[in-house]
Amino acid sequence: MPINYFLILSAFLFCAGAYGVLARRNSVLVLMSVELMLNAVNINLIAFSAQAQDVAGQVFALFVITIAAAEVGIGLAIVLLIYRNLRSPDLDRVEQLKG
Amino acid sequence: MWEQQVAFWVIAVAMAGAAIGVVRANNVVHAALFLIVVFAGSAAQYILLLAEFVAWVQVLIYIGAIIVLFLFGVMLTRAPMREERGKLDNSQRLASAVVALFLFGVLAVFLIDAFGGTELRFRDSMVEVGSAASVGDSIFRQFVIPFEVVSMLLLAALVGAVALARRD
Amino acid sequence: MLDNVWIIPLIPAVSYLLILFFGKRMPKKGAEIGIAALGAAFVLACITAMQWIDKVEAAVSKEGGAATGLAALGRSVVAAATGAPEVEPVVRGVTWWENGPAKFEIGARVDGLVVMMLVVVTLISLLVHVYSTAYMHEDRRFTHYYAALSLFSASMLFMVISANLLQLMVGWELVGLCSFMLIGHWWEEKPNSNAALKAFLTTRTGDVGLMTGIIIVFFAAGSFDISVVNEYALSPEVNHGLMMWASVALMFGIMGKSGQFFLHTWLPDAMAGPTPVSALIHAATMVVAGVFLGARVYPVFWEGFSIGGGGLNMMAVVGGVTIIVGAALAFVQNDIKKVLAYSTVSQLGYMVMALGVGAWLGAVFHLFTHAFFKACLFLGAGSISHSATHHSFDMREMGGLRKPMPVTFWTFIVGTVALAGIFPFAGFWSKDEILATADQGDFRIFLVVGLIGAAMTAAYMTRCVYLTFFGQYRGHHHPHESTPAITVPLVILAVLSVVAGLLQSAPFEIKKFQEWFEQVGGLPKEMIIPEFDYGLAAISVSLATIVVGIAAFFVFRREEHGALKGLTQRNRVAHAGYRFLERKYYLDDLYEGVIVAGVKGPIARGSNWVNQYVIDGVVNAVGRGSARAGRWAYDVFDQEVVDGAVNDIGRETALAGGGMSKLQSGRLQRYALFLLASVGLIALAVYIVNVA
């Protein structure tokens with residue numbers, strides 16, 4: 001079974017996630033897209049772990065899962081804060097960085 | 001070997017469709033449900049790759065915890081449940097699609113170039129590698145310090161989330 | 001003790017915490033904890049040294065009398081080759097970080113160099129602790145001072161016993177941090193906190209080199225372990241090019257830490273700290289760290305700079321230049337501590353030069369003896385300011401202190417004589433070791449440099465002693481002798497300044513220092529251990545004595561006729577030279593004016609300012625003609641060319657900035673879009689370049 005099957009599936013999920021991060025207005029959806037990207041990375045890691053027959057890749061996937069969980073926790077807290085301050089979960093109203 | 005290939009393609013097509021669903025759905029809750037399909041598909045792929053323990057962790061953490069968090073987020077921000085075309089996307093949708101497709105093209109070219117001929121060969125011994133015993137052994141032997149660091153990170157995230165979200 | 005040497009740095013480290021948390025509640029405000037801790041550390045260090053010496057002696061006596069027979073053969077005889085058996089260093093370590101295949105250890109290593117440093121550091125630190133009870137009496141932050149002092153000793157000891165370079169770097173940086181804390185101890189005054197910052201930042205500049213060097217060494221030798229690194233550097237399959245770059249990079253670390261020319265400017269400023277701290281920094285902890293590093297991984301430098309081959313190399317040149325530069329600057333200082341500071345710069349130059357000319361033993365021995373007499377001199381200066389001039393270090397306010405302060409006077413004289421290298425005091429033996437090696441190892445030019453430096457040392461120390469202790473008292477206080485807490489350490493150090501050198505006195509057939517402390521497990525076999533050269537010794541001693549005589553003659557005469565006093569006013573050349581030295585070669589102006597201001601201020605104004613400044617300097621030094629030329633250059637070149645160019649650049653930047661500001665929409669997703677698109681494009685470009 002070619003390893004490329006998994007890698008290209010992973011690349012597809014990653015790019016779909018990237019599209020979501022770029023094009024979604026609702027901040028909860030942006031966070032979901034980020035999760036999609038992280039998940040894509042995990043598939044990569046596991047595939048390489050199988051190829052190298054080494055458990056290290058799986059351990060790293062576990063770390064990524066843990067960090068994704070932490071990231072969602074913080075991310076949703078920030079989304080709530082945005083919602084509370086702007087009365088909307090939309091990201092294009094967050095533009096105070098404008099130069 | 002062909003059973004594996006068939007299984008891969010069935011799952012992969014479902015995952016790809018669900019992924020597009022996540023980023024194109026006009027309803028936030030539907031997006032979350034599509035995300036469940038992607039996560040479950042990943043877990044299935046892990047099983048195909050003989051990474052049993054990670055697959056179960058994937059189900060527990062992603063589907064069990066993270067999706068629930070997302071649904072809470074949807075509820076707390078009162079996201080629109082009704083379908084309203086285009087409301088959930090911003091103005092740079094087209095440019096985003098171009099960039100994403102371009103990235104996918106670049107990645108695909110690289111991957112085919114780099115791993116074109118590489119075949120995955122599955123052996124019985126790999127079942128052992130993916131078992132909880134082996135993964136746990138590796139975490140607590142070789143990667144114990146990163147493990148501790150991650151536990152600190154989780155603690156910090158916990159405190160940070162509470163500090164950010166509380167009202168005062 | 002050889003196996004458990006890690007206890008020694010642990011004691012002061014614990015003491016640091018205890019003082020920090022409980023010091024204020026103690027009857028003596030924490031001083032007693034520090035003194036007890038350092039006392040215990042000193043005792044343990046002595047026990048370690050005894051056990052090491054026992055081990056070496058046992059190995060030697062087993063080998064029989066081979067050593068004595070071969071020692072008579074003269075030059076190019078090395079300890080390892082003299083038949084003295086190699087005593088393996090005692091190394092113990094644990095793995096503290098393991099990530100996949102990479103393993104990092106923390107460990108303690110005991111060998112000759114380490115036990116020597118342990119004893120010196122703990123002894124000087126103990127004496128400084130005792131001394132400070134009197135000197136820092138009633139200080140604003142007495143407890144914090146003692147805490148920092150303990151941490152300072154702990155970090156230095158930690159660095160000394162480190163078994164690998166990574167650990168050494170941690171200790172090295174800790175030492176830098178503590179010196180920052182202590183130099184800036186009286187931070188309420190702006191100059192003090194500036195001096196602390198300067199010391200920190202200047203040494204940090206060198207630390208970049210240290211880090212680079214350690215990384216290069218790691219990739220060359222495949223390990224941070226000092227034994228492995230040294231073995232690799234001496235093995236035939238060593239990569240000479242890598243070792244050379246590593247040596248150059250490490251040399252920058254040494255230059256920063258050990259105050260070598262052109263990174264030496266922080267050292268005199270560091271005099272802003274309390275005097276006992278200066279003594280500690282200069283004798284035992286901070287600045288000798290650089291020399292210690294040089295001695296620690298000596299094979300790297302030996303290979304990198306091809307020291308065995310003679311001729312010129314960066315290490316010897318930097319050391320040699322520093323000797324002369326430091327000694328010359330010591331002449332024009334009026335502050336007694338600054339004289340001593342520049343003298344340290346110059347003496348560190350000796351050590352670095354010694355390493356550069358292959359005199360490993362000489363360098364380490366000089367480090368050993370220098371620790372005693374320099375600590376003695378600094379503590380003496382502190383005693384004077386404490387009891388005679390009310391915390392002033394200006395020598396113009398001293399004078400005639402010989403009578404009221406006999407203990408300080410005599411100990412200071414002993415320190416001075418030892419520093420000047422007069423037989424049979426400590427400095428004579430170590431300096432002679434260096435000079436003899438330079439002579440016999442085809443480094444004649446550095447022999448000359450060393451001799452000139454020795455003569456200059458004798459001269460400026462004579463001036464310093466004269467201004468301080470002879471003539472009339474010029475201050476406005478009532479000088480009296482200091483309390484025993486101050487004089488006892490002085491006497492101990494003075495005694496050591498006399499006898500320390502006898503450990504390695506060839507004419508008396510004593511080579512104990514070499515026997516005990518040269519056993520570091522891996523030094524270049526081709527290293528030269530010089531024969532004692534009576535002629536050279538006679539020359540260096542008589543040179544020093546003659547210079548002392550001449551200098552004394554001049555300063556006495558100046559007292560009577562004012563002949564020398566007017567020299568710099570009357571003679572143009574002498575005046576220019578004096579100004580040049582007084583401005584410290586304009587190095588500080590260069591650093592602060594050009595580098596800091598250039599970075600900080602608008603470049604146009606900065607360059608304009610510097611130009612005017614340089615022109616002024618030219619006016620003073622050369623005269624009117626060149627001033628006119630400078631003015632012309634300023635008008636035409638600066639105003640027209642430079643300013644014009646700067647203004648144009650500014651205008652262009654403003655235009656471009658206006659265009660770019662449209663991209664700053666403030667929308668994160670827009671930024672992310674550009675980011676991902678650029679990543680893809682760059683990846684594609686790299687791919688195309690690599691495939692094509």
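The values are calculated or read from the model by the stated rules, or taken from the named source; none is laboratory data. Predicted, not measured: the structure shown is a model, and the values here were computed from it. So basically every Cβ, Gly included, is an ideal-geometry build from the backbone, and we count neighbours across all protein chains shown. For accessibility, only protein heavy atoms count, side chains too; no ligands or nucleic acids. Shrake-Rupley method; radii C 1.70, N 1.55, O 1.52, S 1.80 Å.
Sort C:146-158, B:25-37, C:312-324 by packing, meaning the average of other beta carbons within 10 Å per residue, with the highest value first.
In descending order of packing, they fall as C:146-158, C:312-324, B:25-37.
In peptide B:36-46, what is the residue-averaged number of other protein chain Cβ atoms found within 10 Å of each Cβ?
Mean shielding count: 4.
Which value results when the Cα radius of gyration for segment C:291-357 is divided by 2.2 N^0.38 Å?
1.25
If you take all C-alpha pairs in segment A:3-95, what percent of them are over 16 Å apart?
60
Mind grabbing the interface size between B and A? I mean buried accessible area, both sides, 1.4 Å probe, in Å² to the nearest hundred. Display every interim value, and only then the final one.
On the way: alone 13240 and 7170 Å², together 13430 Å².
Counting both chains, the buried surface is close to 7000 Å².
Taking each residue in C:680-686, count the Cβ atoms of any other chain within 10 Å of its Cβ, then average. What number comes out?
Average neighbour count from other chains, rounded to a whole number: 4.
Using a Förster distance of 25 angstrom, determine the FRET efficiency expected from the C-beta separation of B:L71 and B:L153, and round it to 0.05.
0.55
Give, as a single signed number, the net charge of other residues whose beta carbon lies under 15 Å from the beta carbon of B:A156, with Lys and Arg counted +1 and Asp and Glu -1.
Around B:A156, the charge tally is -2.
What is the local net charge at C:V175, summed over the other residues whose Cβ is closer than 12 Å to its Cβ (Lys, Arg +1; Asp, Glu -1)?
-1
Based on the mean of other beta carbon atoms within 10 Å per residue, what is the order of C:407-419, B:65-77, most packed first?
Ranking, from highest mean packing down: C:407-419, B:65-77.
Work from the charge dipole of chain A (Cβ charges, +1 for Lys and Arg, -1 for Asp and Glu, about the Cα centre) and give the residue of A:G20, A:V64, A:N85 farthest towards its positive end.
Farthest along the dipole direction, towards plus: A:N85.
Need the C-alpha centroid separation for segment A:39-55 versus segment C:105-139, integer Å.
Centre-to-centre (Cα) distance: 53 Å.
Once both labels are modelled 7 Å past Cα along the beta-carbon direction, what's the A:R87-C:F22 spacing in nm?
With each label point 7 Å from Cα toward Cβ, the separation is 6.1 nm.
I need to check one value: relative contact order of segment B:1-49, counting alpha carbon pairs closer than 8 Å and at least 6 residues apart, in percent.
Dividing the mean separation by the residue count of segment B:1-49 yields 42 percent.
What FRET efficiency would be calculated for the residue pair C:R474, C:D139, taking the C-beta separation as r and a Förster radius of 25 Å, to the nearest 0.05?
Result of the calculation: an efficiency of 0.35.
Going by amide H atoms built from the backbone, whose H comes under 5 Å of the H on B:D89, apart from near neighbours?
Result for B:D89 returns A:R25.
What's the Kirkwood radius of segment C:238-337 in Å, using all Cα pairs?
14.7
Membrane-span-like helices in chain A: DSSP H runs reaching 24 Å or more (Cα, own axis), mean Kyte hydropathy at least 1.6? Each step should come with its number before you reach the end.
Values: long enough: A:3-23 (30 Å, 1.85); A:27-52 (38 Å, 1.49); A:56-86 (44 Å, 1.82).
Qualifying helices, which must be both long enough and hydrophobic enough, are A:3-23, A:56-86.
State the extension gain, in nm to one decimal, for the chain segment bounded by B:V29 and B:F110, taking 0.36 nm per residue of separation less the distance between their alpha-carbons.
25.6 nm
Please compare each pair in C:K190/C:K431; C:K198/C:K525; C:K257/C:K525; C:K28/C:K190; C:K29/C:K103; C:K29/C:K374 to a cut-off of 31 Å on the Cα-Cα distance and tell me which ones are over it.
C:K190/C:K431; C:K198/C:K525; C:K29/C:K103
For C:Q504, list long-range residues whose amide hydrogen, built 1.01 Å from N in the peptide plane, is under 5 Å from its own amide hydrogen.
Here C:F513 satisfy the definition.
Put +1 on the Cβ of each Lys and Arg and -1 on the Cβ of each Asp and Glu in segment C:282-402; which of C:Q333, C:A363, C:A375 then has its Cα farthest toward the positive end of the dipole?
Among C:Q333, C:A363, C:A375, the one farthest towards the positive end of the dipole of segment C:282-402 is C:A375.
Which of the helices in chain B meet the span-like rule: DSSP H, Cα axial reach of 24 Å or more, Kyte-Doolittle mean at least -0.5?
What comes out of the filter, once short or polar helices are dropped, is B:2-24, B:28-48, B:93-115, B:144-165.
May I ask you to give the percent of accessible area on segment A:3-95 that is carbon plus sulfur, with a probe radius of 1.4 Å?
Exposed carbon and sulfur together represent 67 percent of the surface.
Grab the Cα-Cα distance for C:K62 and C:V689, subtract it from 0.36 nm times how many residues apart they are, and report the gain in nm with one decimal.
219.0 nm
Let me know the Rg and Dmax you get for segment C:432-503 when you use only its Cα atoms, in Å.
18.2, 54
Around C:D207, under 10 Å between beta carbons, what's the net of Lys plus Arg minus Asp minus Glu among the other residues?
With Lys, Arg at +1 and Asp, Glu at -1, the neighbours total +1.
Which of the peptides C:212-220, C:434-442 is most tightly packed, and how do the rest follow, going by the mean number of other Cβ atoms within 10 Å of each residue?
On the way: C:212-220: 19.8, C:434-442: 24.4.
Answer by packing, highest mean first, reads C:434-442, C:212-220.
Over all pairs of distinct alpha carbons, what does the Kirkwood formula give as the hydrodynamic radius of segment B:72-168, in Å?
Final number for the Kirkwood radius of segment B:72-168 is 19.8 Å.
How many percent of Cα pairs in segment B:2-91 exceed 23 Å?
That tail contains 33 percent of the Cα-Cα pairs.
Principal axis lengths of segment C:385-489 from Cα atoms, whole Å, largest first?
If we take the Cα atoms of segment C:385-489, the spans are 54, 27, 19 Å.
Report the convex hull volume per residue for chain B, counting only C-alpha atoms, in Å³.
In chain B, the Cα hull volume divided by residue count equals 175 Å³.
Can you give the mean number of other chain Cβ atoms that lie within 10 Å of the Cβ atoms in peptide A:46-54?
6
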